[in-house]
Amino acid sequence: MGESGGEEERALLDGDSAGGGSPAGRALPALCDPRRLAHRLLVLALMCFLGFGSYFCYDNPAALQTQVQGDMKVNTAQFMSLYAWYSWPNVVLCFFGGFLIDRVFGIRLGTIIFGTFVCVGQVIFALGALFNAFWLMDAGRFVFGIGGESLAVAQNTYAVSWFKGKELNLVFGLQLSMARIGSTVNMNIMGWVYSRVQDLLGSTGHTTLGLTLMIGGVTCIFSLICALILAYLDKRAEKLLCKKQGKTGEVIKLTDVKDFSLSLWLIFIICVCYYAAVFPFIGLGKVFFIEKFKFSPQEASAINSIVYIISAPMSPVFGFLVDKLGKNIIWVLCAVLTTLASHIMLAFTFWNPWIAMCMLGVAYSLLACALWPMVAFVVPEHQLGTAYGFMQSIQNLGLAIISIAAGTILDSRGYLFLEVFFSACICLSLIAVVMLYFVNRLTGGDLNWSAKKREKLQKLAAAEAEEQEKLRRQNEDDLAKLRPKDHISLRNRYLSRLGAQLPANYYSHLSTLAHRSVLK
Amino acid sequence: MPGARGLVLGALCLLGALGRPPAGRREVSMHFNPGWNDSSVNLLHVRAVDANSTLHYVWSSLGVPAVLLLYTENKHSTLHINWTQLLSPEPAGAIWVEPPSSVLHASAVVFTKLFEYDGANASGPAHALFYPPYDLAAFSWDSVNQTLNHTALTAAFRGTGPPRTFHNGSIAFQVTAYEESSRDRRLPGLLHTANSSKLEFVMNGVAPRGNSSRFMLEMLMVEGPGRHRRLESVRSIDDEYTPTIFEMVQLVSEPQGTQAGPGFLQWKTTAYGAREAKRENGIRCRYSPLQAVNGTLLGPSIARAYFGKDVGGLAAINISFGGEDGEIYSSTGYLSWSVLLGFGTPPEDAFSPLVVAIMAVALGTPVVLLVAGAIVVLFFQKKRYSEYEPIN
């Protein structure tokens, strides 16, 4: 304790001389030394706030639904197109986010570019409101969408490159919590900001809305500043430590799609139908709670954000549980059934909606923890990147289509029908879960094994693999010229079969997990 | 003596059966100013007949706009109007039904005033600042004869305010009579029976006097003696026919002692701010509690012509349009609010077959699949074990 304090003091004393580009051997102040915890914590804070702006602004429409519809005079289908336009670019970009960061821009420039897209998108969005041009708002959401999802990938790549093998899980957890905080703060504060601006201008109208959204855009600027500082610090760390620029390690090959198994397609169906019944509902939820349950706008915002709030602490807990217990399909089944129950409660009863929404929050966190890792069990590792990219792509496609459909249904048939529609979506994903269970059972898949069994079989497979490897090596010695094309990927696959702890960036499914659509 | 008692009991049973009129078809006919040739006065008699009863609606803008609803247990009952008395300053008794004993239910709704208040900082009209109200008795009304549509069974009473008010705006009471049970295609999509009619209150282009003006319509309920009124708010989970509106309000007046059925007014808590009613131009609609009014019916109206001047048990209710953030009227200058009035128990919404079908299929399929899958798995596993057995 005393020693470290002294060290820090010393470090602080010669802080000035350690300005720029000094060799790694020289002592630096703790805050400026990339090898020290204090500096990494600073970087961590920057990383967390990097995504804050985009998470904050993503749900701006939901927080201001009545205001947007009132001021812009749009129906609910048009309102929901704000969400659809966010999703459209990501139907394609899911495949290219990693590629762009790895091969084209590099992590630093990539982050700044995506951050700029987010900022510009939000500004266009706000300008659309200021000029009373709804198409401009749609355009703003499109640009915002180009940046948002890829920014989440970049944020995750930064995390891997700085915290590899050390506090990575914690860092992912913190980034996740920050994302939730961004969404929650947005849900609860934008209405208040709007009423302040309204007091200032003396009236409501599209100008008020535009100004409010501009103020919301400040968080994006803030995030962009974080990206700039982070780029500088990363560059500096690269110089000081001779470390490489972070990479996502994503490999995406679209031709892999034809090799996807039935189980994987069923997982896709579960994913699309489930998320389609959760996010569009949250997007339209505020008015539902106000009209059906007589909530005040503040209360409605609070209950609408409860799903995000609950999943912040529950995600790590469930992640741990599912890891320990295995039996993923049963967990997914539980999550889907709970969600179905909560939608039915919201649709057909006047029971306190806090019960249903809390159930939805818990189920949602459980599903995320049990569903996404399943992909890794049914896909060979070299196809993981493609599988996750594809899954997110069709998830975005589903979200875009269902968003607009939900808006149309609400306008013409009301909330009861909308809830019935969402329940039907959940039932579709329930059907897929049941089919997945039987398909898995009949084909002897490992999706529903308990963790113990998995471990046992993993050991067995590892021993077998070792034997094979021995054999192969012998062969290799014999045929010295026949070398494997890509020895790194081969080694990785071997190591992961072994169950060995690989550096996190080798798990492409870990890095893809940080896409916003997954973490949201 | 026992025979007489039996007769009374039988009559009571018959009355009870009549109290809930069949929701069948009614033959509807509309008569403009029956027995009078001058079209400067607007009086519309709507007669709806079925096998054993007649409903008489009398709509009129005479004096104060009002509607009179009479239910008679006689398919041949007739409405009589003494026009000279009706147009005199004291019209009491100018409207009656022959035979008088057949009338089981009589009620009237009088639309007295249109209020305007500043809704900027008030969540409701209770503490708001009021502008001088528009007295509907001072309005001049267009002839209904031109708007009369005998096939669609509609008519409209369009009125303009005294000079230099309203700025070319107008209000209108649009009447629709129904021959059978059905549901309105247009929002708010009220379910109606053959025993009811729809009244749509429309404000068009009435210039608001403030930046955040809200309007409020005052209605006066008039009924014969021995009736019990109750104002109910029916919350429903079903907003399929009126998207996002979960509340139905009904004012039911039940007879005390007799076996006659109730009369009702029924409306959804929403108005619409455009000619083509849509969810997004919905205007929040509130209502005040029912206030008993001590006093007499002021001014000439058909309510006074039927009930007389000193009718007891008057009650007033105010319907206000627009909530805290309801600025829709100021931008579109249009407002329409629908209310159903009729005889019998108020109609109730039920789930549409589509909703029931979707839920049944959606919930049924996974169950069926589960059973089918279980059978298949059992079968396959047995087979597999039987294959393995010889090896073991």
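The values are calculated or read from the model by the stated rules, or taken from the named source; none is laboratory data. Predicted model, so just to flag it, every value in this text is computed and none were measured. Note that each Cβ is placed from the backbone with ideal geometry, even for glycine, and that neighbours are counted across all protein chains shown. Quick note on the areas: whole protein, heavy atoms, side chains included, nothing else; ligands and nucleic acids left out. Shrake-Rupley method; radii C 1.70, N 1.55, O 1.52, S 1.80 Å.
Brief remarks on what is shown
- Across all Cα pairs in region A:199-338, the calculated P(r) in 5 Å bins from zero up to the longest distance comes to 2, 6, 7, 9, 13, 14, 13, 13, 12, 7, 3, 1, 0 percent per bin.
- Estimated Rh, region A:91-231: Kirkwood, alpha-carbon pairs, angstrom: 16.3 Å
- Rounded D (µm²/s) - region B:101-260, Kirkwood Rh over Cα pairs, Stokes-Einstein at 37 °C, 0.692 mPa s: 177 µm²/s
- Lys/Arg +1, Asp/Glu -1 at C-beta; chain B dipole; positive extreme among B:133, B:357, B:153: B:357
- Among B:336, B:182, B:253, residue whose mean-square fluctuation peaks in a GNM of chain B (springs only between Cα atoms under 10 Å): B:182
- Simple point charges give the picture: +1 on the Cβ of Lys and Arg, -1 on the Cβ of Asp and Glu, and for region A:259-450 a dipole about the Cα centre of about 300 debye.
- Sites listed here are chymotrypsin sites (Phe, Trp or Tyr not before Pro) in region A:90-164 whose DSSP assignment is loop and whose Cβ has at most 15 other Cβ atoms within 10 Å: A:131.
- For residue B:274, the residues 5 or more places off, or on other chains, whose built amide H falls under 5 Å of its own are B:336.
- Taking the Cα centre of the protein assembly as shown as origin and assigning +1 to Lys and Arg Cβ atoms and -1 to Asp and Glu Cβ atoms, the resulting dipole is close to 1960 debye.
- Helix-derived mean residue ellipticity, 222 nm - over chain B, DSSP H n ≥ 4, -39500 (n - 2.57), to 500: -5500 deg cm²/dmol
- At q = 0.09 Å⁻¹, base-10 log of I(q)/I(0) for the protein assembly as shown (Debye sum, equal scatterers on each alpha carbon): -0.97
- The 1.4 Å probe gives accessible areas that order B:127, B:228, largest first, as B:127, B:228.
- Dividing the convex hull volume of the alpha carbon atoms of region B:23-101 by its residue count gives 92 Å³ per residue.
- Across the protein chains, with a 1.4 Å probe defining accessible surface, the residues A:76, B:176, B:332 rank B:332, B:176, A:76 from largest area downward.
- Residue B:157 long-range amide H proximity, modeled H, under 5 Å: B:173, B:174, B:175
- For region B:65-165, the equivalent ellipsoid derived from the Cα gyration tensor has semi-axes of 34, 18, 16 Å, listed largest first.
- Scaling the Cα radius of gyration of region A:259-450 by the globular reference 2.2 N^0.38 Å produces a ratio of 1.04.
- Directionally averaged projected area (chain B, Cα convex hull): 31.2 nm².
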